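The values are calculated or read from the model by the stated rules, or taken from the named source; none is laboratory data. What you are looking at is a predicted structure, and each value in this text was computed from that prediction instead of being measured. Cβ sites come from the backbone with ideal geometry, for glycine too, and all protein chains shown count toward neighbours.
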Amino acid sequence: MSTLHLKDVAVTGRLEPVSLQLGPGQLVGLVGPNGSGKSTLLQAAAGLLPHAGDVRWHDRPLRDIPMLERGRLTAWVPQEAHFEFGFSVRSVVAQGRFAHDDDEHGVDATLARFDLTALADRPVNRLSGGERQRVLLARAVVTQADIQLWDEPLAALDPRHALEVLMLGRELTRAGGTLVFSLHDLRMAHCLDVVAVLDHGRLRAIGPPEEVLTPALLLDVFGVQARTEPGLTLFLP
Amino acid sequence: MKPLLPARAAWPLLLAALILLSLVSLAVGDVRLGPAQLLRGLLRTDEFAAVILWQIRLPRLLVAMLVGAALAASGLVMQAFFRNGLASPGLLGVSAGGAAGAVVAIGAGWATASFISVPIMAVVGALVSTGAVVVLARQGAGTERLLLAGVALNALLGAVTSYVLSNVTLTYERNAQILFWLLGGLEDRTWEHALMAAPIIVGAALLWPLGRPMDLLSLGSTEAQSLGVDVRRLRRRLLALSTLLTALATAVAGTVGFVGLVVPHILRLLFGPEHRRLIPLALIGGAAFVVGCDLIGRGAGGLRLGIVTSLIGGPFFLWLLRRSV
């Protein structure tokens, strides 16, 4: 059984046909240079972008899943968000409960989890980039969706919050969820179960990080001379 | 910014304002009615007061309320749709589209043939403008793009209206009628007009349950979709409703500018941006605002409603622009 299954998913001009199959409990990192198609792949997998090919969640084709139910099955976090109106942090996080038709369940606990309790009444358009990022992540987590697709969730975060988000990601996958997120810091790749490498809209490699991130591939895709050293592995508590 | 007032103060405050303004609006005029006479007139026990109230002031008041509620709600919807606090029916040219439709109906003589042709043509005109704005600006468009699209449409539709107006074959009576639509007003509104604007109530009722999805949409359509909102369907419904509301308001009162901008803004500032709360508040607040503006106009010796709202709204808009830069 697969949680997220993409078969020949392609987006004209941005993503060449990609096939991959991810199961429950997998923490998946999506790496690749700027413009390699990471965001596009995540959006297509989330059913938010017109695409060719077939996206399946829990072995169900996307087109058979009603909109509201999609909000319960999958959560997507954008790379950045612009907030025109001054909704409070709490009400934005509570939006994650829309598909469940409530606006309270798990909200307080999630706010606390993302260190947002003190900011709960603050308008979102008065937050720093990192705080905004945590609000978006909290909104995704509070959906309790099994499939979590996060676009560069760590980009704006300080080291402590980044580490906490990674730990939370690990918790979600231990509970049976599947988390796919894009990242740039390859040193973090070693604490993932699976790494997928995109380059120029093509999926170059997918598999366990130690097998995929070879010096040869890193040179080819990123143009950097890298040495893989066990010492660079980041251990999570 | 944090809401300036607690949310629970909203309803009592706005309802009190609406009731108070309505009573004053019924009481004052060429003939001033005291509280006792007002009550007797409403109960039809005072023949003289009853004629004034039931034939002149009540229909005018009702039309004012409906127009205000419709324009404020329509502005609120457009702001959520375009994710831009400066979107409103007047600035985007939807009101002008409604007015152009109404003016064409009058100019072509259809209005004389059938009373209902004016609101129908207003809806058609407003629909055309809405379509054009959507194509030109797209949702999530920047303020500049949105306002420029509005400028272009307002100019274009103004030209249509001016053309009909300058058509020398028109009778004086028709010209006067058209001028009425251009300036916006509540003079001589009858029960017929109130009836024509009545579908506004239906539009408001259909809008009522859309507050929560509007919250999500106003923070981004892709995000909203990812959370389970059927964005395409929601956007279609919102556009249809805001167009209908603006068109009906324009059909009975002409172009009344800035209500859809000023009222949602003030309410958001006072009570926060949640649409579940703002929709009913905009309906009541819009009604109170237009009743109040009409009172000011009448007090100032018969200033047209559209002039009063613009005199208030214009400076307010400039202040908003300065603030947002």
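Assorted remarks:
- Among the residues of this structure, B:Ser88 counts as one that is in contact (Cβ under 8 Å) with a residue 40 or more places away in the chain and of a type in the set (Ser, Thr, Tyr).
- Applying the criterion of at least 2 residues that are closer than 30 Å to A:Ala75 by Cα to the helices (runs of 4 or more DSSP H) found wholly in segment B:176-247 leaves B:199-207, B:211-217, B:221-226.
Yes or no, residue by residue, for (1) surrounded by 18 or more Cβ atoms within 10 Å (Cβ to Cβ); (2) basic (Lys, Arg):
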site: A:Phe87; (1), (2): yes, no
site: A:Arg97; (1), (2): yes, yes
site: A:Asp108; (1), (2): no, no
site: A:Ala112; (1), (2): no, no
site: A:Asp115; (1), (2): no, no
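- Condition met for B:Ser242 (within 30 Å of A:Glu69 (Cβ to Cβ), at pLDDT below 95 and under 15 Å from the mean Cα position of the chain (by Cα)): yes
- Check on A:Phe181, crowded, with 19+ Cβ neighbours inside 10 Å, more than 14 Å from the chain's Cα centre (by Cα) and in contact (Cβ under 8 Å) with a residue 40 or more places away in the chain: no
- Any hit, segment B:255-266, residues being within 12 Å of another protein chain (Cβ to nearest Cβ), under 19 Å from the mean Cα position of the chain (by Cα) and not in a loop (DSSP other than H, G, I, E, B): yes
- When residues of segment A:158-191 are limited to those that are farther than 28 Å from A:Val224 by Cα and acidic (Asp, Glu), the one modelled with the highest pLDDT: A:Glu171
- Among strands (runs of 3 or more DSSP E) entirely within segment A:44-153, having at least 3 residues that are out of contact with any Cys (no Cβ under 9 Å at 6 or more places or on another chain), more than 9 Å from every other protein chain (Cβ to nearest Cβ) and more than 29 Å from A:Gly13 (Cβ to Cβ) singles out no element at all.
- Residue match in segment A:79-95 (condition: of a type outside the set (Val, Ile, Thr) and closer than 18 Å to A:Leu168 by Cβ): no
- Test for B:Ser221: is it closer than 24 Å to A:Gly47 by Cα, in contact with a Lys or Arg (Cβ under 9 Å, 6 or more places away or on another chain), within 14 Å of chain A (Cβ to nearest Cβ) and surrounded by fewer than 23 Cβ atoms within 10 Å (Cβ to Cβ): yes
- Some residue of segment A:14-23 being touching a residue at least 60 places away in the same chain (Cβ under 8 Å), part of a loop (DSSP other than H, G, I, E, B) and on the phi > 0 side of the Ramachandran plot: no
- Conditions (1) out of contact with any Leu (no Cβ under 7 Å at 6 or more places or on another chain); (2) surrounded by 13 or more Cβ atoms within 10 Å (Cβ to Cβ); (3) within 14 Å of another protein chain (Cβ to nearest Cβ): number failed by B:Asp46: (3)
- Of all the residues in segment A:154-165, those that are part of a loop (DSSP other than H, G, I, E, B) and of a type in the set (D, E, K, R) number 1.
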